[in-house]
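Q: Following this message is one structure expressed as structure tokens.
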């Protein structure tokens, strides 16, 4: 414990010796959270540029066009003359969705045999495309029900019976935890977890390489944990400020336990300590270390279950990821603690996983670090001794 505290004090004081280190730990989390959070400041994708091709020119087709005009999700900017012009608008990116109302649409609808309305979306942007299609389907289905009711009533059926026939199934909707389904709520907690990972990797790696002789000179495990603790102590105030920012500036609901989140965060820092030592041992230079550590940010983020469900990944990939990188046990839990209020008991399996992962990789990291830098120290000492011997001989 004495060695650990000594290493902690030494490495914590050294943070203030390097401007880059202070930027990473004291400013990085807040800056990155505000910067990335600003991207998703709008709750929904609104004002999607739309082109409407009305080949029917009827009252019903005008009603459909007016419904799109009055909807805040859409900005109807274009009325092309033909389908080729509409496709060109989509190809050039001027419009993200096109609505084609075919000729004879109203006449077909009046006899219960309407022609198909074609919704054309630009599939290169899945976020816009999915939002546009879902809202367009809602608008068209709402109008379709109204038309169907009129057709049935025209046959002499009573209004209440008509409504029951037209609406044979009623759907109730209840979205739990995040009723607005905001992209901000879905992604920002995972972003915060990745920011913590990358900033911790950078700061620990820099310390491991700068202080390699001191750390490898003995009691490597305690010194490595001292390095980790000093970085956590340095970054935690800024992380808490970033958390306050997403709650009070971006209005992300943070309803779960802060203490559970802090515990997971410390265990995650412990889990990546050994990995940082392995990277430092193989790269030996801070620039090379930085290249590899930042290269890991995107693949580890994707494999953590933040953008694609873990259960939809191949079993072999999921198992391999759990064995070599621990973000999979941290990021998604942070998200669900914030949004769902996930309780401590539900994250105990991942608490155990992070501890075991950290212990195993710390053991591996210490062995590789000692072999890499400890032998280097021995070579330096051997050369110094040889120089002294030659001097005495002369």
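Every read-out reported here was derived from the displayed coordinates using simple, explicitly stated rules and does not represent laboratory data. The shown structure was predicted, so the numbers you read here are calculated from the model rather than taken from an experiment. Glycine also receives a Cβ, built like all others from the backbone with ideal geometry; neighbour counts cover every protein chain displayed.
Q: If packing is taken as the mean number of other Cβ atoms within 10 Å per residue, what is the order of 232-244, 119-131, highest first?
A: With the highest mean Cβ count within 10 Å placed first, the list reads 232-244, 119-131.
Q: Percentage of Cα-Cα pair distances in region 1-151 greater than 21 Å, rounded to whole percent?
A: That tail contains 59 percent of the Cα-Cα pairs.
Q: Would you please calculate the Kirkwood hydrodynamic radius of the chain over all C-alpha pairs and express it in Å, rounded to one decimal? Each step should come with its number before you reach the end.
A: On the way: mean 1/r = 0.0393 Å⁻¹.
25.5 Å is the Kirkwood radius here.
Q: Still on this structure: Mind computing the radius of gyration and Dmax over the alpha-carbon atoms of region 237-354? Å is fine for both.
A: 15.5, 43
Q: Next question, about the same structure. Ranking request for peptides 8-20, 89-101, 312-324, 191-203: highest mean number of other beta-carbon atoms within 10 Å first, then the rest in descending order. Provide the component values of the computation, followed by the final result.
A: On the way: 8-20: 14.6, 89-101: 19.2, 312-324: 12.3, 191-203: 24.1.
Ranked from most to least packed, the peptides come out as 191-203, 89-101, 8-20, 312-324.
Q: Next up: Taking 1 over the mean of 1/r across every pair of different Cα atoms in region 2-88, what Kirkwood radius in Å do you get?
A: 18.4
Q: For a protection proxy built on the mean count of beta-carbon atoms within 10 angstrom, sort 265-273, 216-224, 59-67 highest first, please.
A: Highest-to-lowest ranking by the protection proxy: 265-273, 216-224, 59-67.
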